[in-house]
Amino acid sequence: DATNRPLEIPPDFTLYADKHGLFDLNKRLLEQLIVQKPDDPIQFLIDMLTKENDDLPSVIILGPPASGKYTIGKMIASRLQCIHLTMKEILQEADRKDKDAAEECVKDKKPIPTETWVAAVKKRVELFDCNRKGWVLSGFPQTREQAIALQSEGIFAKHVILLDAPDSVLIERAAGKRVDPISGDIFHINFDPPTDDEQKERLETVAGSSEEEMMTRLAEYRNSIFNLTLSYPKVLTEINADQPLADIRDRCLEVVSAPERSVAPRNPRIILLGSPGSGKKTQAVLLSSKYRLVDIDCSHLVKKTISDDGPMSRILKPYVDK
């Protein structure tokens, strides 16, 4: 009855919707409608519903030079079975016009314009493989301007991981960085060496890894990172990069594998555990009162069952007596 307020939703409907994730599905569909603004909304929703999985990973890895953005991004992408994107690869696959403009800027030692970067990133994430598997983007954006431009184009990350470590550690780590000129893979001679001897022989020093160059790059990074993090207030997680690579990887995987906190309505089911006298019953009464839940007291249930003197009473009573 549309005239009756507030509307009462039957309990069986909410249980069905909660069981099959209908509230979360509706939330994701509405989000994508608002972000993508398709010309044909109905067909867009149909296409979304026919996808094998519409909840794909989208992760951004940020951090100062030598913090391990590329290595961690590659590990996460491999574990999540999604596409690992780097700034170098994105430029290589950009349109000829954007690629030429970027090369011209590099030749003149000028920063590549934000519009060029964002156009290249958007083209890449819209390709079939990213749409089917999701993506992990390492090292971009580098400024708040770039982050806002990405968001304006509808490119949002579910998780943003910020790797950080003291400058002294990063400078020392940069001295050991090496790059494979053929594959473009980045290694560290001490922490992450290649397993192939032939590949190890052809490694080259990474440009910009001297102490003076690192100090300049780190100063530029420190000046821009605070404003950049303001663009991701709810999805940003900072992780200490001054620890073993395996620990960093495990912490990052823990972050990106955690289910996104949903604001969709659901039937709450809460279990309170604790030692005797910790306040379980008190908190249960408060929660049930505030959120209109059913307060189930297990000790009360046992006593009530015994007092009913039914078949279950005869089973429970010996245990309670002992």
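The values are calculated or read from the model by the stated rules, or taken from the named source; none is laboratory data. All figures in this text were calculated on a predicted structure; none of them were measured in a lab. FYI the Cβ positions are ideal-geometry reconstructions off the backbone, even for glycines, and counts take in every protein chain you see. SASA here: full protein model, heavy atoms, side chains in, ligands and nucleic acids out. Shrake-Rupley method; radii C 1.70, N 1.55, O 1.52, S 1.80 Å.
In degrees, nearest 10, range 0 to 90: what is the angle between the Cα axis of helix 280-291 and the longest Cα principal axis of the chain?
80
Roughly to the nearest percent, how much of the accessible area of the stretch 1-153 is carbon and sulfur, given a 1.4 Å probe?
Accessible surface attributable to carbon and sulfur in the stretch 1-153 totals 54 percent.
Add -39500 (n - 2.57) for each DSSP H run of 4 or more in the chain, then divide by its residues: what number comes out at 222 nm, to the nearest 500 deg cm²/dmol?
Taking each H run of at least 4 residues, the total per residue is -15500 deg cm²/dmol.
Rounded to whole Å and sorted largest first, what semi-axes of the equivalent ellipsoid does the C-alpha gyration tensor of the stretch 7-46 yield via the square root of 5 times each eigenvalue?
Over the Cα atoms of the stretch 7-46, the ellipsoid semi-axes are 26, 10, 9 Å.
Would you please report the Å³ per residue occupied by the convex hull of the alpha carbon atoms in the stretch 91-221?
Hull volume over Cα atoms, normalised by residue count, gives 153 Å³.
Looking at the stretch 200-249, what % of the alpha carbon pairs are farther apart than 16 Å?
Every Cα pair in the stretch 200-249 considered, those over 16 Å come to 66 percent.
Considering only the other residues whose Cβ falls under 10 Å of the Cβ of residue 262, what net charge follows from Lys and Arg at +1 and Asp and Glu at -1?
So the environment of residue 262 carries a net charge of +2.
Quick one: if you take sqrt(5λ) for each eigenvalue of the C-alpha gyration tensor of the stretch 138-207, what semi-axes come out, biggest first, whole angstrom?
Ellipsoid half-lengths, sorted descending, are 31, 16, 11 Å.
With angles folded into 0 to 90 degrees, how steeply does helix 22-36 sit against the dominant principal axis of the chain? Use alpha carbons for both and round to 10.
The angle comes out near 30 degrees.
Let's test this: bin the Cα-Cα distances of the stretch 266-322 at 10 Å from zero up to the farthest pair and state each bin's percent.
Taking every Cα pair in the stretch 266-322, the percentages come to 20, 38, 32, 10, 0.
What stretch of the chain, leaving out the sites themselves, is the longest with no GluC sites (Glu not before Pro) in a DSSP loop having at most 15 other Cβ atoms within 10 Å?
By the stated rule (loop sites, at most 15 other Cβ atoms within 10 Å), 154-259.
With viscosity set to 1.567 mPa s and temperature to 4 °C, compute the Stokes-Einstein D of the stretch 1-123, Rh being the Kirkwood radius across alpha carbon pairs; µm²/s, no decimals.
Here the translational diffusion coefficient equals 69 µm²/s.
Could you work out the pair-distance distribution P(r) of the stretch 181-221 from its alpha-carbon pairs, with 5 angstrom bin width and percents rounded to whole numbers?
Going out from 0 Å in 5 Å bins, the stretch 181-221 shows 5, 20, 25, 18, 16, 10, 5, 1 percent.
Return the ratio Rg/(2.2 N^0.38 Å) for the stretch 215-322, where Rg is computed over Cα atoms only.
Compared with the compact-globule rule of thumb, the stretch 215-322 sits at 1.94.
Among 215, 65, 41, whose Cα sits farthest toward the positive end of the charge dipole of the chain (+1 at Cβ of Lys/Arg, -1 at Cβ of Asp/Glu, about the Cα centre)?
Sorting the options by dipole projection puts first 41.
Over the chain, with a Gaussian network built from C-alpha contacts below 10 Å, which listed residue (157, 219, 241) shows the highest mean-square fluctuation?
Fluctuation is largest for 219.
Mind listing the Cα extents of the stretch 82-134 along all three principal axes, in Å, largest one first?
Its Cα atoms span 38, 17, 16 Å along the three principal axes.
Working with all protein chains in place, sort 59, 302 by solvent-accessible area computed with a 1.4 Å probe, largest first.
302, 59
Note the direction-averaged projected area, equal to a quarter of the hull surface, for the Cα convex hull of the chain, in nm².
For the chain, the mean projected area of the Cα convex hull comes to 27.3 nm².
Expressed as a whole percentage, what fraction of the accessible surface of the stretch 180-322 belongs to carbon and sulfur atoms when a 1.4 Å probe is rolled over the protein heavy atoms?
55
Amide H to amide H under 5 Å from residue 162: which residues, 5+ apart in sequence or cross-chain, H placed 1.01 Å off N in plane?
Amide H neighbours of residue 162: 62, 237, 238, 239.
If you take every DSSP beta bridge fully contained in the chain, what fraction is antiparallel? Give it as a percent rounded to 5.
25
Just grab the label-to-label distance for residue 219 and residue 313, each label 7 Å out from Cα along the Cβ direction, in nm (one decimal).
Label at residue 219, label at residue 313, 8.4 nm between them.
Using a 10 angstrom cutoff on alpha carbons, build the Gaussian network for the chain and name the most mobile of 182, 239, 148.
Result: 182 has the largest fluctuation of those listed.
Could you give the length gained by full extension between residue 88 and residue 133, i.e. 0.36 nm per residue of separation minus their alpha carbon distance, to one decimal place?
Separation in residues times 0.36 nm, less the Cα-Cα distance, equals 14.2 nm.
Give me the distance in nm between label points sitting 7 Å out from Cα along the Cα-to-Cβ direction at residue 110 and residue 185, one decimal.
3.7
Can you flag which of 280/322; 122/234; 158/200; 158/281; 290/317; 27/280 are past 30 Å Cα-Cα?
Flagged as over cut-off: 158/200; 158/281; 290/317; 27/280.
Relative to the present Cα-Cα distance, how much length would full extension add between residue 7 and residue 292 at 0.36 nm per residue of separation?
101.0 nm
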